[in-house]
Amino acid sequence: MKFPNLSIILAALCLSLPAGPAAAQTDLSFDAYLQLLMARARAEGVSESTLQRMTAGLEPNSRVISLDRSQPGTPTSSGYPPLAPYIATHVDDARIAGGRRAFSNYSGRLRAIEREYGVPGEILTAIWGHETAYGAVKGGFDLSQALATLAWEGRRRDLFASEWVALMKVADKGYSRSDLKGSWAGAFGNPQFLPSVYLRLAADGDGDGRADIMNNGSDALASIANYFRDSGWRTGQPWGVRAYIPAGFDIDAYRTKIRAPVCERVHERHSVYKTVAEWRALGVQPQRPLAPDVQATLFQPDGPGAPAWLLTSNYRVILEYNCSNYYAMSVGLLADEIAR
């Protein structure tokens, strides 16, 4: 009788156990826990040669643990920092100029990507600019070390154990360990994908048979486009447009009840969705053309007298990439500047 591999059984048992709120660390040593991670990766088809080169000399990274434990919790205050200063620093002259250069340099490829995926090139370029300054700042953490450390540390063990195994599958496609560097939390490449997102959505943007989001700008842009299409981007709709609000308009009377399951406060200051025609009837006027049947939410982040926008469902797609109104607004506004 042939018995199953004991290490695979142990890996399945240990890695499937959720880490409770008080579990700061597994009882196993890092080396012992790493063996369980490797057993799980083997069971999921990762080659032995990949596992050996991706774990050689691996030890926990105390800096990664410190960064993870210093992450802020969910805010309890109802107040928000103003949007305008954030936009001033994230949609600045340098980022706009860099975006226009990247847009020009990849113009032919971006046109092809837009035809295939339906996402405007300026949106893709703006995401690239925000994530890695057009490839200049991609992160220098050894991803194998960072993800193994986070899985072992235990605060979000299920997530990071799965991402480490996904990283091994990425490496199994022929990428070197030196290629696979990124943020302390595991995001990597020009678009800052997690390994599981890479496996699901990375795309070949130049037809060479590889989806190299680390070194190939065309692949990175196509991968962002694939992400947006997968998230429901609607071709032909803007992300949003500036809107005129009449004096005395009570935006609070139209607040939405939507609560996002992952990022519950992101819609808190948005209105309900109405058609553009319905907003016009209430005196809210878009400052750029927007079809009357388009559904939009009204957003005035800095309060009465400050700029307001009508945001389409494509704005919510940007939020899928990063669940922050500050991020999504700065991406949309940067894209508008790049396209001018």
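The residue list 134, 80, 86, 106 contains one member that is in contact (Cβ under 8 Å) with a residue 24 or more places away in the chain and under 18 Å from the mean Cα position of the chain (by Cα), which is 134.
Of the residues making up the range 169-185, those that are under 11 Å from residue 199 (Cβ atoms) and not in a loop (DSSP other than H, G, I, E, B) are 169, 170. Within the range 123-180, the set of residues being acidic (Asp, Glu) and under 24 Å from residue 95 (Cβ atoms) comprises 131 only. Applying the criterion of being hydrophobic (A, V, I, L, M, F, W, C) and more than 20 Å from the chain's Cα centre (by Cα) to the residues of the range 152-168, the residue that is farthest from residue 196 (Cα to Cα) is 152. Within the range 243-273, being of a type outside the set (Gly, Ala, Ser) and more than 18 Å from residue 317 (Cα to Cα) holds for 244, 245, 246, 249, 250, 251, 252, 254, 255, 257.
So that you can scan it fast, the table gives a plain yes or no per residue for (1) at pLDDT below 95; (2) farther than 21 Å from residue 239 by Cα:
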site: 57; (1), (2): no, yes
site: 62; (1), (2): no, yes
site: 69; (1), (2): yes, yes
site: 88; (1), (2): no, no
site: 110; (1), (2): no, no
site: 122; (1), (2): no, no
site: 137; (1), (2): no, yes
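A single member of 51, 110 is closer than 25 Å to residue 218 by Cβ and crowded, with 18+ Cβ neighbours inside 10 Å, and it is 110. When residues in the range 39-48 are screened for being over 27 Å from the mean Cα position of the chain (by Cα) and surrounded by 20 or more Cβ atoms within 10 Å (Cβ to Cβ), 1 of them pass. Count of the range 139-156 residues, restricted to those that are at pLDDT below 95 and of a type outside the set (Gly, Ala, Ser), is 3. A single member of 94, 102 is of a type in the set (Gly, Ala, Ser), assigned to a helix (DSSP H, G or I), within 21 Å of residue 204 (Cβ to Cβ) and out of contact with any Leu (no Cβ under 6 Å at 6 or more places or on another chain), and it is 102. Restricted to the range 254-275, and to residues that are out of contact with any strand residue (DSSP E or B) (no Cβ under 9 Å at 6 or more places or on another chain) and aliphatic (A, V, I, L, M), which residue is farthest from residue 311 (Cα to Cα)? The residue in question is 262. Looking only at residues of the range 292-318 that are at pLDDT 95 or above and aliphatic (A, V, I, L, M), we find that the one that is farthest from residue 89 (Cα to Cα) is 294.
Residue 193 fulfils the conditions (1) buried (at least 24 other Cβ atoms within 10 Å of the Cβ); (2) under 20 Å from residue 59 (Cβ atoms) except for a single criterion, (2). Looking at the structure I just gave you, is residue 160 within 22 Å of residue 60 (Cβ to Cβ), part of a helix (DSSP H, G or I) and not assigned by TED's automatic domain parsing to the domain that holds residue 291? Answer is yes for this residue.
The values are calculated or read from the model by the stated rules, or taken from the named source; none is laboratory data. Everything quoted here is computed from the prediction, not taken from an experiment. Note: ideal-geometry Cβ built from the backbone for every residue, glycine included; neighbour counts use all protein chains shown.
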